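Working notes for the structure below.
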Amino acid sequence: MTRAPVVRAVLALAVLILSSWAAWTQTPRLGLDLRGGTQIVLQTRDSPTAVADAAATDRVLEVLRGRVDALGVAEPTLARSGEQRIVVELPGLQDPSEAAEILGRTAQLTIHPVLGVGDSPRPEGRTLPDERGVPLRLGAAAISGEEVSGARAQADPAGIGSIVAVSFEHHEAWSRLTGEAACAAPGDPARRIAIVLDDRVISSPQVDPSIRCAVGILGGSTQISGQFSRAEARELAVLIEGGALPVPVQIIEQRTVGPSLGADAIAASAQAAMIGIALTAIFLAAVYRLVGLAAVLGLCGYALVSYAVLTALGATLTLPGLAGFVLAIGMAVDANVLIAERAREEYAARPGRLWRASEKGFRAALPAIGDSAATTLLAAALLFGLASGPVRGFGVTLTIGVVVSLFSALVLSRVITDWTLRRDAVRRRPRLSGIASVGPVRRRLENASPDLLQRHRRWLAVSALIAATALAGIVARGLELGVEFTGGRMIVYDTAAPLDPELARQTVADAGFPRAVVQSAGDGGVSVRTASLTDAEADRLRETIATAAGGADVRRDELIGPTLGQELRRGALIAFGVALAVQLLYLALRFRWIFSVGAVAALTANVAVVVGTFAWLGRPLDGVFLAALLTVVGYTVNDSVVVFDRVREALSRRPPGRRAPAFHRLVGRAVLSTLPRTVNTGLSTMVILAALLVLGGDTLADFALALLIGIVVGTASTISVAAPLTIELERRHPTRPGRARRTRPAPTDSGAVV
């Protein structure tokens, strides 16, 4: 054995040991959509006296930290996003109204002398109603919130409710204010002091008769009373102690996820992963025998290393990210299938040592594996750079999955395969290896006629009809954009008893929301989406649904501001447009323009069918759907590239002076030769997706459905759109003699899926 296999074996062992240690000692960081809680996104705004730049946003962030700490939430997370946004995550908090009220308040605290009561005009001051609604004429602010050093809620010594104890940085101003008020006679309004919070008098107590005129209260502290409840006193203390925000803030996004939803998603994804790995193992063992079993062991190693990398990097695992991790398990099979097929070809061309054929297969498949990985990483990078929210988690997880799959196939599986094929028992029975014979499907395809695309225009006509039928759904049913693209509020309820959708719509309409979109949400749940909904209205709506269904709990609550919805929609279109542009550039660099046009046409048809199908089914198009659609884009392009690589290779190897076969036969032969690989890798991925579709719940089910449709249609569109259109364009613009030979033949011979 040469040095290289030993180095690979040592590297594989070291990585597995480190991964096992990391997986055992580290705990993954779950996003709020998996562990439950509330996420609030705030945006700072310019004020008449301050600009909401990064420095001002950082000062707001520090003020908010104090307010969040006072809420008593375990492990809160606050971070600035961009120049003007702050993302606040509050794990375990299921009622966001209190947090939203505290975080969104500007908390401009001022303390004023009272000049009198009534609405009679005065040249100075302003008029505000006191706690009982009596108008008070107030003088200029004597103390601002910045001079408050602390505030805490405590029980009222009189035994009625709670009070707030406030202390000041400089007691001189407090002593002077109370001393001036003490000079007024008892009962005179001028003996009162008004504490104003955000232009609202929250307390206007009289100075105690024991306080002497011109002396005031010494010590720089006071008590705000008003028969507050314990919660009201606590909230007031948080606002006062937190101080005033440097600039105003606005809540532009709010998401609340119940703990049961995250637990169900984790359980569903774990079941899908186990079922998918088991079925994939059976499939690989049946098709590729011992080499297939080696790939299964590599797949298990892939799952371990991916999990360890996620936990070691501290990446946040979100719901789309979890789906991406499960999907990447199926994608990890791709490289192993490519290698096994190339090894079969090498052994069939030069029978001999199994391990040598396997090594040549690894080297021959390397360009195709790299091409597939590059296409997938491109889509993942676009998701991370252009998308937002949990969808970025999908991009991170997908990136890790692709990188680790390269290690799994090129190092781990390679070591296991090499060791297996060098055993004497295997060398005496080469058929056990799985690469010493060609599969029955491939044998039939090799004997099939390459004239399947001779009537290519019929293929194009049928494909156009299917795409038009799908697009008709957009016209007939319209697109059901998710709330994150339209703005508004969507609440999903878990009902105690199944609630008929029509009855649910009528119930919601009777509650005063006739324009709300009401749909069933699976497992007896109900989703309600409106353009706007306050917290009080949301509580009333929940009570109405609970009355009709015998009980209702909030499973998910999403509030997206209209400006943010437009921004997210615009960002989604930009992400999709950039993905198309980059794929076009990729195709233009690798192929002649007629191949690029064919691949783009297949991509367009695939996207049209996926979007149109969702329109017919009335399924929402949201950020998770965008993640699936960009993955479909990468898959379709890569599948077309596979076939066109074969065509280009056949053209470049054409002997000079000899008449070339008809172009449609070259394309037909390329389709037939790559079909086994495409089918094998596609089936492996579809096994995982089918498990997600059945077990994953609403969100994961939509993700899996979009990808299932995309994989099936992507494979078909390569045969029915990309190849026939390329044949038609070749007839109209034939390849100039010698051009194909000048093009370096691509070593790719694959059926990879992205």
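The values are calculated or read from the model by the stated rules, or taken from the named source; none is laboratory data. Values in this document were obtained by computation on a predicted structure and should not be read as measured data. Methodologically, a virtual Cβ is constructed for each residue, glycine included, from the backbone with ideal geometry; neighbour enumeration extends over all protein chains shown.
One table, with the values for the structure above:
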| quantity | calculated |
| --- | --- |
| Filtered residue count, the stretch 307-352, keeping only those that are of a type in the set (Gly, Ala, Ser), modelled with pLDDT under 85 and surrounded by 23 or more Cβ atoms within 10 Å (Cβ to Cβ) | 7 |
| Yes/no for residue 415 being assigned by TED's automatic domain parsing to the domain that holds residue 329, at pLDDT below 80, surrounded by fewer than 24 Cβ atoms within 10 Å (Cβ to Cβ) and among the hydrophobic types (A, V, I, L, M, F, W, C) | no |
| Selected residue (criterion: modelled with the highest pLDDT) from residues of the stretch 480-493 that are among the charged types (D, E, K, R) and closer than 22 Å to residue 96 by Cα | 489 |
| Flag for residue 506 being in contact with a Lys or Arg (Cβ under 9 Å, 6 or more places away or on another chain), over 25 Å from residue 253 (Cα atoms) and of a type outside the set (A, V, I, L, M, F, W, C) | no |
| Whichever residue in the stretch 378-403 is of a type in the set (Gly, Ala, Ser) and assigned to a helix (DSSP H, G or I) and, among such residues, is modelled with the highest pLDDT | 401 |
| Residues of the stretch 272-306 satisfying the condition of being free of Cβ contacts under 8 Å to residues at least 60 places away in the same chain and either buried (at least 20 other Cβ atoms within 10 Å of the Cβ) or within 30 Å of the chain's Cα centre (by Cα) (or both) | 274, 277, 278, 281, 296, 300, 303 |
| Qualifying positions in the stretch 494-522 - part of a loop (DSSP other than H, G, I, E, B) and over 23 Å from the mean Cα position of the chain (by Cα) | 496, 497, 498, 499, 500, 511, 512, 513, 514, 515, 516 |
| Residue check, residue 458 under 30 Å from residue 287 (Cα atoms), in the same structural domain as residue 719 (by TED's automatic domain parsing) and surrounded by fewer than 19 Cβ atoms within 10 Å (Cβ to Cβ) | no |
| Extreme residue, nearest to the chain's Cα centre (by Cα), among residues of the stretch 637-646 that are within 10 Å of residue 375 (Cβ to Cβ) and among the β-branched types (Val, Ile, Thr) | 637 |
| Output for the stretch 523-538, where each listed residue is of a type outside the set (S, T, N, Q) and either loosely packed, with under 14 Cβ neighbours inside 10 Å or under 14 Å from residue 559 (Cβ atoms) (or both) | 523, 528, 529, 531, 533, 535, 536, 537, 538 |
| Residue within the stretch 216-237 that is surrounded by fewer than 21 Cβ atoms within 10 Å (Cβ to Cβ), modelled with pLDDT of 75 or more and under 27 Å from residue 34 (Cβ atoms) present | no |
| Test: residue 434 is assigned by TED's automatic domain parsing to the domain that holds residue 380 and under 39 Å from the mean Cα position of the chain (by Cα) | no |
| Residue satisfying condition, being hydrophobic (A, V, I, L, M, F, W, C), outside the structural domain of residue 96 (by TED's automatic domain parsing), at pLDDT below 85 and over 21 Å from residue 619 (Cα atoms), within set 496, 531 | 496 |
| Conditions (1) within 22 Å of residue 138 (Cβ to Cβ); (2) buried (at least 17 other Cβ atoms within 10 Å of the Cβ); (3) touching a residue at least 40 places away in the same chain (Cβ under 8 Å); (4) in contact with a helix residue (DSSP H, G or I) (Cβ under 8 Å, 6 or more places away or on another chain): number failed by residue 170 | (2) |
| Verdict on residue 370 being closer than 15 Å to residue 641 by Cα and either touching a helix residue (DSSP H, G or I) at 6+ places or on another chain (Cβ under 9 Å) or modelled with pLDDT of 85 or more (or both) | yes |
